[in-house]
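> The structure's right below; bear with me while I get my questions together.
Laboratory data are not the source of any read-out in this text; all were calculated from the coordinates shown. Because the structure is a prediction, the values reported are computed rather than measured. A quick note on method: Cβ atoms are made from the backbone with ideal geometry, for glycine too, and the neighbour counts reach across all protein chains shown.
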Amino acid sequence: MKIAIVDDEKPIRQWFSYILGKIEGVEITGSYSNGQNALLECKTHKPDVIFTDIMMPVMDGIELIENIKADYPEIEVVILSNFDDFEYVYKGLKLGAEDYLLKSQADDEKIVEVLGLLREKLKAGKIPERKVEKEYNSQIVREMITYIREGYAGNLKLASLARKLNYNSDYLSQIFKKDTGKNFNTYLIEVRMEKAKELLLQGNYKIREVAEAVGYTNEMYFSTAFKGYTGVSPKKFALQYKKN
């Protein structure tokens, strides 16, 4: 099996070349700092598999994958990415890349495992239909929902959650909307308002106390948000319950 490594970071190229080169039956055909060089060399040393970074000068990984799949569709591609690159990883998978590896989570064993899976698929003569990380997205969204449901009483911000999970906030916003049909703030408001309704129905709390309990430091702001959600003010909501 012939393999090419494409990454603008020399230590990454050396690491992958060393690990993969030790595997029996593997030949490293080239190590390149950008996609353009790798694409040119494919004419001479056509590899079976290319491990490529996304963000590179001259020609990035997305353009490389697009060209590879147009000219050499039989070459399989594994994307090397950082957490912030997932929007581009998604594009790469849509263009035909077979798999991806997060650099921060990859270790020697994981690299060998990914290559082993590719080798078995290539031996079978067929790479299964490619599907993009829905399960992967759902796992992140579940973490976001847990974060909201456990921390709704605090000052929750999508940017803070993004830093906590080590993801780009725009990416989190996109996949949350895609999986739930709601944006982050809308979902957070719903959780807060439903909890506020529970507390108001208990009849043991003042409106100011309910506001604070669901993450609002300003009673008037809470009342406006509550009316926007339910159609009535917190006071009227509580009175209607007592009347009924």
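> What number, rounded to the nearest 500 deg cm²/dmol, is the helix-based mean residue ellipticity at 222 nm of the chain, given -39500 (n - 2.57) per DSSP H run of at least four residues and division by all its residues?
One gets -18500 deg cm²/dmol as the mean residue ellipticity at 222 nm.
> Choose one of Gly35, Leu188, Gly21: the residue whose Cα lies farthest towards the positive end of the charge dipole of the chain (beta-carbon charges +1 Lys, Arg; -1 Asp, Glu; about the Cα centre).
So the residue furthest toward the plus end is Leu188.
> Moving to a separate point now. Calculate how steeply helix 86-95 sits against the longest principal axis of the alpha-carbon atoms of the chain, using the helix alpha-carbon long axis, and give the answer as 0 to 90 degrees to the nearest 10.
50
> For Ile23 and Arg149 in one chain, what is 0.36 nm times their gap in residues minus the Cα-Cα distance, to one decimal in nm?
Result: 40.7 nm gained on full extension.
> Let's test the formula: R0 of 22 Å, r as the Cβ-Cβ distance of Glu194 and Asp170. What FRET efficiency results, to the nearest 0.05?
According to the calculation, E is roughly 0.20.
> Exceeding 24 Å between C-alpha atoms, which entries from my cross-link table qualify? They are Lys22/Lys121; Lys206/Lys236; Lys22/Lys69; Lys110/Lys157; Lys2/Lys22.
Lys22/Lys69; Lys110/Lys157
> Now, a different point. Please work out which option in (i) 142; (ii) 117; (iii) 153 gives volume of the Cα convex hull per residue in Å³ calculated from these coordinates, and answer with its label.
(iii)
> Same structure, new question: Rg/Rh for the range 186-244: what does it come to with C-alpha atoms and Rh from Kirkwood?
So for the range 186-244, dividing Rg by the Kirkwood Rh gives 0.92.
> I've got another one for you. Kindly express, to the nearest 10 degrees and within the range 0 to 90, the angle between helix 219-230's C-alpha long axis and the longest C-alpha principal axis of the chain.
Helix 219-230 and the main axis of the chain meet at about 80 degrees.
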